[in-house]
1. Measuring from a point 7 Å past the Cα of N25 along Cα-to-C-beta, which residues in region 54-80 have an amide N at less than 20 Å?
2. Take K118 and D9, extend 7 Å from each Cα along the Cα→Cβ direction, and tell me the distance between the two endpoints in nm.
3. Here are labelled values, [x] 21, 19, 15; [y] 22, 15, 15; [z] 96, 12, 7, and one is the computed semi-axes √(5λ) of the Cα gyration tensor in Å for what I pasted. Which one?
4. Does region 57-110 come out rounded, prolate or oblate by the C-alpha gyration tensor, with a ≥ b ≥ c the root eigenvalues, rounded set by a/c under 1.5 and, if not, prolate when a/b is larger than b/c and oblate if not?
5. What's the ranking of 10-20, 25-35, 111-121 by average number of surrounding C-beta atoms within 10 Å, highest first?
6. Along the charge dipole of region 19-143, pointing to its positive end and built from +1/-1 on Cβ of Lys, Arg, Asp and Glu, which listed residue (G127, L30, I45) has its Cα farthest out?
7. Work through the residues other than G39 whose Cβ is under 12 Å from its Cβ and net out their charges, Lys, Arg +1 and Asp, Glu -1.
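Readers should treat all values here as calculations from the given coordinates under stated rules, not as data from a laboratory. From a predicted model like this one, the values you see are computed outputs, not experimental measurements. Virtual Cβ from ideal backbone geometry, glycine too; neighbours counted across all protein chains shown.
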Amino acid sequence: MGYTDWICDNQNGNVVGPIAAPEGNPIIALEVREQGGYGVVNFRIGSFFNGELTYSAWVCNNLNGVVKTATVFGETVKGVVAYEQGGYGLVDIGLVYSGGIKWCTGNHSGSLRTLEFKPGSMNGMDGREQGGYGIVNLRCSLE
């Protein structure tokens, strides 16, 4: 198992995670917690297991904010994208697949950041959580 690079240059805060796809199945969903004034404060990944969409644990303990989901049923994930906004950290995260991008929050303020990898090879993620900002960085683990 290896990792992608971090999605952006911000190395502040503590590493949180890792989280893994339930039962090692292909990742098809991403849920975030979005909190006003902070952006994305938590995330988790999902896959099909026993015919149901099943999620990993949350990457950190911050359960504030509203849950928002991006799902790519019947597709293969080949990248992760995020918008990084100064003073907030990551404000949106999306899954890249052959048909485009499924975003979680719809907040496209700041700079677009991209991670690309072999389709279907992502099996987990971890992040960096900074007090007063939420999630400020992430990376993917690969098979």
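1. 54-59, 69-79
2. 3.1
3. Evaluating semi-axes √(5λ) of the Cα gyration tensor in Å on these atoms matches [y].
4. Working: a/c = 2.24, a/b = 1.38, b/c = 1.62.
Because a/c hits 1.5 or more and a/b fails to exceed b/c, region 57-110 counts as oblate.
5. Numbers: 10-20: 16.4, 25-35: 21.5, 111-121: 14.3.
Descending packing order for the listed peptides: 25-35, 10-20, 111-121.
6. Going by the charge dipole, the pick is G127.
7. Numbers: positive: R33, K68; negative: E34, E84, D92, E129.
Around G39, the charge tally is -2.
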